[in-house]
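Undergrad: Sharing a structure below in structure tokens format, with a few things to ask.
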Amino acid sequence: ALLSHREVAKLFHSMGAALRDLFCKQKEGLLSGTSGLEIDAVGLPAHFLERWAYDKATVASMARHFKTGDSLPEAAVAAIADARSFHGAMRVLKRAAIAQIDLELHSEFDPDGELSVFDVAKLIEAEFSVIRPRVQDRELCSLPINSELGGMLYGDLWSEALAADAFSEFESAGLEDDEAVRQLGQRFRRFVLEPGGGRAPGSASQDFAQRTPTFNAFLKHAGISGGAARAAQAGAAAEAAQAPRSYLDENIDGFDGTDDVDDDYSEFEEDDGIYNPPAAQGESADEGSKQ
């Protein structure tokens, strides 16, 4: 099949989502597959299998020129593998912001309050974004917040963290060691996939890796240098420098929350003429007459 690498990664992800149902040996129907499973770990197999789509050996073994059948050059394979972590930290922040918006709208948001759902979303995005968010953006409308996944979008980020930790076991054993990969694959099937929802995700991951799951691999795979220790130090410094704020706090950086108008978001939109529209022609004429 003629597929782009992005489509290959999606195929791996979709196939991984079916692994629990395919290999589950849970006898209790209510706990079969993903039934009864904590949302934090539902996407673990999908993210785990997708990770193999960026493994150099896997890419080299399946990628061919669609006309000549020649293998991809090593530089191209390396570029595909490295593309996964390109701007990875920004993607993590974006997903964390979406998860936080989802939780806030389902927990503390007051539909009769002064702030609209878009106001809340923009305030939270401003706290997470490296590049300031566009106030005209309405991406919130395309998120599955008002579906059966409402209040649970954070779970996919947890699932990817658990998947990265599981994949790190294969990296430690050697991805080119077929026997080691086979043995670890059997352990992953036995301890993570076969129990379905009948085993707590943390316990299942600990049974597989024979240790407590960590976030080190997740940060490494996202391209965030320094690992968990550096991230913890940065978080502690930021917390010490500024107490955490909530969108429910009054007078957040001058935001009045009166109208859903673009130029009212003064807390992260400077008056530089880029986003704020110029004054109307009539207003300019009035100002000129006053002068």
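The values are calculated or read from the model by the stated rules, or taken from the named source; none is laboratory data. All of these numbers come straight from a predicted model, not from anything done at the bench. Here the Cβ positions follow ideal geometry from the backbone for every residue, glycine too, while neighbour counts run over all protein chains shown. Please note that ligands, DNA and RNA were not included when accessible areas were found on the heavy atoms of the full protein model with its side chains. Shrake-Rupley method; radii C 1.70, N 1.55, O 1.52, S 1.80 Å.
Undergrad: Would you check which residues across the stretch 137-168 are surrounded by fewer than 19 Cβ atoms within 10 Å (Cβ to Cβ) and closer than 30 Å to residue 57 by Cβ and list them?
TA: 157
Undergrad: On to the next question. Kindly indicate which of 20, 51 is of a type in the set (D, E, K, R), in contact with a Leu (Cβ under 6 Å, 6 or more places away or on another chain), surrounded by 13 or more Cβ atoms within 10 Å (Cβ to Cβ) and within 21 Å of residue 169 (Cβ to Cβ).
TA: 20
Undergrad: Kindly indicate whether residue 125 is open to solvent by 20 Å² or more (accessible area, probe 1.4 Å), without any contact (Cβ under 8 Å) to a residue 60 or more places away in the chain and touching a Pro at 6+ places or on another chain (Cβ under 6 Å).
TA: Criteria met by residue 125.
Results for (1) over 27 Å from residue 176 (Cβ atoms); (2) touching a residue at least 24 places away in the same chain (Cβ under 8 Å), shown as yes or no for each residue.
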residue	(1), (2)
5	no, yes
21	yes, no
38	yes, yes
50	no, yes
85	no, yes
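Undergrad: Can you find even one residue in the stretch 27-36 that is aliphatic (A, V, I, L, M) and part of a helix (DSSP H, G or I)?
TA: Yes, there is a match, as at least one residue in the stretch 27-36 is aliphatic (A, V, I, L, M) and part of a helix (DSSP H, G or I).
Undergrad: In the stretch 95-122, how many are under 13 Å from residue 153 (Cα atoms) and open to solvent by 80 Å² or more (accessible area, probe 1.4 Å)?
TA: So the answer is 1.
Undergrad: Separate question: State all residues of the stretch 23-62 that are more than 27 Å from residue 215 (Cβ to Cβ) and out of contact with any Ser or Thr (no Cβ under 7 Å at 6 or more places or on another chain); if no residue qualifies, say none.
TA: 25, 27, 28, 29, 30, 31, 32, 35, 61, 62
Undergrad: Quick check: anything in the stretch 73-89 within 21 Å of residue 152 (Cβ to Cβ) and open to solvent by less than 40 Å² (accessible area, probe 1.4 Å)?
TA: No - not one qualifying residue is present in the stretch 73-89.
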